[in-house]
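Student: One structure is given below, represented as structure tokens, and several questions about it will come after.
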Ligand SMILES: NC(=O)c1ccc[n+]([C@@H]2O[C@H](COP(=O)([O-])OP(=O)(O)OC[C@H]3O[C@@H](n4cnc5c(N)ncnc54)[C@H](OP(=O)(O)O)[C@@H]3O)[C@@H](O)[C@H]2O)c1
């Protein structure tokens, strides 16, 4: 049985991915940070009638990453897919007002966390000719006002994975990015860090007000459920040749197409892979 590791599975998209991948026939290892999250994962898996194994993982802690991968390999002897899902929305702020430490924290979870887990998983994915799938965002393609740290981290993920994909393909590992727009039935907003002192104010107050109005209307246009996003992730895990860049809805596709003349990444993949071939 193929083994899939899903990070950040205590809620939202990660939990939906764990259940959907198990339904699709994977043996799923779902990670949580806190033991308190385990019953929710077990309940969701039980309700869906599928087995999901729960392992502890803090993506910013290299020792935790090593322990998690060792647990997967000890138990299953293989890893066929990694779904990098763990992440957070970062502070809603702007350059002048947000502490540098908050930017670093966003990079630590949303970028270095993804890289650290991917790095530990890579030898096993190479052995299985597996899949490395990372949940990015349309905000990793078009910078989101007042979410500079989050967009920066997701842009970093996009650049890292785009550069890695042709190299990984040479050793039999398929790399994909999944780009949802808004997904409302998750704990993303509730889990976002807050800092009243960093809330846009003074010369930024009017723009922030207008932005919040847009969030209440524009941002919910095209919103999806976590289960809908998970269905796209399962396709990325099971399709013969998944695209490099996968938008999870027509809305998300139109959104990023404003920036990307090449929305599924195939033209860039063709170019960068051609540099590695005789
Ligand atoms: N919701 C959206 O609108 C949206 C849109 C596009 C992309 N995304 C992306 O989708 C992914 C999942 O988000 P979501 O909406 O499902 O939010 P969520 O419900 O808050 O889930 C985030 C998950 O990541 C985990 N996590 C956070 N920091 C972690 C760390 N340092 N180590 C290990 N796990 C950590 C959380 O665990 P705890 O419960 O322990 O905090 C939780 O399980 C994120 O990468 C996000 O950027 C979300």
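Student: Within region 102-145, track down each residue that is at pLDDT 95 or above, away from the ligand (no atom under 13 Å from the Cβ) and outside any helix (DSSP H, G or I).
Tutor: Across region 102-145, the qualifying residues are 129, 130, 131, 132.
Student: Hey, another quick one. Please name all residue pairs, on different chains or six or more residues apart, with Cβ atoms under 6 Å, provided the first residue is in region 66-85 and is under 14 Å from residue 54 (Cα atoms) and touching a residue at least 12 places away in the same chain (Cβ under 8 Å) and the second residue is more than 16 Å from the ligand (Cβ to nearest atom) and outside any loop (DSSP other than H, G, I, E, B).
Tutor: Between residues of region 66-85 that are under 14 Å from residue 54 (Cα atoms) and touching a residue at least 12 places away in the same chain (Cβ under 8 Å) and residues that are more than 16 Å from the ligand (Cβ to nearest atom) and outside any loop (DSSP other than H, G, I, E, B), the close pairs are 76/3.
Student: Which residues, counting only those in region 35-51, are surrounded by fewer than 14 Cβ atoms within 10 Å (Cβ to Cβ) and within 11 Å of the ligand (Cβ to nearest atom)?
Tutor: Residues satisfying the conditions are 35, 36.
Student: Could you tell me which residue of region 195-222 is surrounded by the most Cβ atoms within 10 Å (Cβ to Cβ), considering only residues that are modelled with pLDDT under 95 and part of a loop (DSSP other than H, G, I, E, B)?
Tutor: 222
Student: Evaluate region 5-23: report whether one residue or more is over 24 Å from residue 115 (Cα atoms), in a loop (DSSP other than H, G, I, E, B), in contact with a strand residue (DSSP E or B) (Cβ under 9 Å, 6 or more places away or on another chain) and more than 15 Å from the ligand (Cβ to nearest atom).
Tutor: no
Student: Ok, one more. Would you mind stating whether residue 55 is outside any loop (DSSP other than H, G, I, E, B) and closer than 20 Å to residue 131 by Cβ?
Tutor: yes
Student: Here is a follow-up. Here is a list of conditions, (1) surrounded by fewer than 22 Cβ atoms within 10 Å (Cβ to Cβ); (2) closer than 22 Å to residue 70 by Cβ, and residue 155 meets all of them except one; can you say which number that is?
Tutor: (2)
Student: Checking residue 89 against (1) more than 30 Å from residue 257 (Cβ to Cβ); (2) near the ligand (Cβ under 9 Å from one of its atoms), which test does it fail?
Tutor: Exception for residue 89: condition (1).
Student: Would it be correct to say that residue 156 is part of a helix (DSSP H, G or I), within 24 Å of residue 9 (Cβ to Cβ) and either within 16 Å of the ligand (Cβ to nearest atom) or touching a residue at least 24 places away in the same chain (Cβ under 8 Å) (or both)?
Tutor: Details: part of a helix (DSSP H, G or I): yes; within 24 Å of residue 9 (Cβ to Cβ): yes; either within 16 Å of the ligand (Cβ to nearest atom) or touching a residue at least 24 places away in the same chain (Cβ under 8 Å) (or both): yes.
Yes, satisfied.
Student: For region 159-182, does any single residue satisfy the condition of being within 17 Å of residue 247 (Cβ to Cβ) and surrounded by fewer than 18 Cβ atoms within 10 Å (Cβ to Cβ)? Talk me through it step by step, then tell me what you get.
Tutor: Step one: of region 159-182, the residues within 17 Å of residue 247 (Cβ to Cβ) are 161-162, 165, 175-182.
Filter once more, keeping what is surrounded by fewer than 18 Cβ atoms within 10 Å (Cβ to Cβ): 162.
Yes, that holds for at least one residue.
Student: State yes or no: is residue 167 in a helix (DSSP H, G or I) and away from the ligand (no atom under 16 Å from the Cβ)?
Tutor: Yes; evaluated as a whole, the condition is true for this residue.
Student: For residue 32, state whether it is at pLDDT 95 or above, touching a helix residue (DSSP H, G or I) at 6+ places or on another chain (Cβ under 9 Å) and more than 9 Å from the ligand (Cβ to nearest atom).
Tutor: Details: at pLDDT 95 or above: yes; touching a helix residue (DSSP H, G or I) at 6+ places or on another chain (Cβ under 9 Å): yes; more than 9 Å from the ligand (Cβ to nearest atom): no.
Against the criterion (at pLDDT 95 or above, touching a helix residue (DSSP H, G or I) at 6+ places or on another chain (Cβ under 9 Å) and more than 9 Å from the ligand (Cβ to nearest atom)), residue 32 does not qualify.
Student: Let me ask something else about it. Which of the residues that make up region 17-34 are within 17 Å of the chain's Cα centre (by Cα) and surrounded by 20 or more Cβ atoms within 10 Å (Cβ to Cβ)?
Tutor: Filtering region 17-34 down to residues within 17 Å of the chain's Cα centre (by Cα) leaves 17-21, 28-33.
17, 18, 19, 20, 21, 28, 29, 30, 31, 32 - these are the residues of region 17-34 that are within 17 Å of the chain's Cα centre (by Cα) and surrounded by 20 or more Cβ atoms within 10 Å (Cβ to Cβ).
Student: Shifting gears a bit: Look at residue 222 and say whether it is over 17 Å from residue 135 (Cα atoms) and either in contact (Cβ under 8 Å) with a residue 12 or more places away in the chain or under 19 Å from the mean Cα position of the chain (by Cα) (or both).
Tutor: Values: over 17 Å from residue 135 (Cα atoms): yes; either in contact (Cβ under 8 Å) with a residue 12 or more places away in the chain or under 19 Å from the mean Cα position of the chain (by Cα) (or both): yes.
It is true that residue 222 is over 17 Å from residue 135 (Cα atoms) and either in contact (Cβ under 8 Å) with a residue 12 or more places away in the chain or under 19 Å from the mean Cα position of the chain (by Cα) (or both).
Student: Scan region 61-72 and give yes if some residue there is out of contact with any strand residue (DSSP E or B) (no Cβ under 9 Å at 6 or more places or on another chain) and crowded, with 16+ Cβ neighbours inside 10 Å, otherwise no. Spell out how you get there, then give the answer.
Tutor: To start, the set of residues in region 61-72 that are out of contact with any strand residue (DSSP E or B) (no Cβ under 9 Å at 6 or more places or on another chain) comprises 61-63, 65-66, 70.
If we keep only those that are crowded, with 16+ Cβ neighbours inside 10 Å too, we end up with 65.
Taking every residue of region 61-72 in turn, at least one turns out to be out of contact with any strand residue (DSSP E or B) (no Cβ under 9 Å at 6 or more places or on another chain) and crowded, with 16+ Cβ neighbours inside 10 Å.
Student: Residue 54 versus (1) within 15 Å of the ligand (Cβ to nearest atom); (2) closer than 16 Å to residue 233 by Cα; (3) surrounded by fewer than 23 Cβ atoms within 10 Å (Cβ to Cβ): which is the lone unmet condition?
Tutor: (2)
The values are calculated or read from the model by the stated rules, or taken from the named source; none is laboratory data. Just so it is clear, the model here is predicted, and its values are computed rather than measured. Cβ: placed from backbone, ideal geometry, glycine included. Neighbour counts: every protein chain shown.
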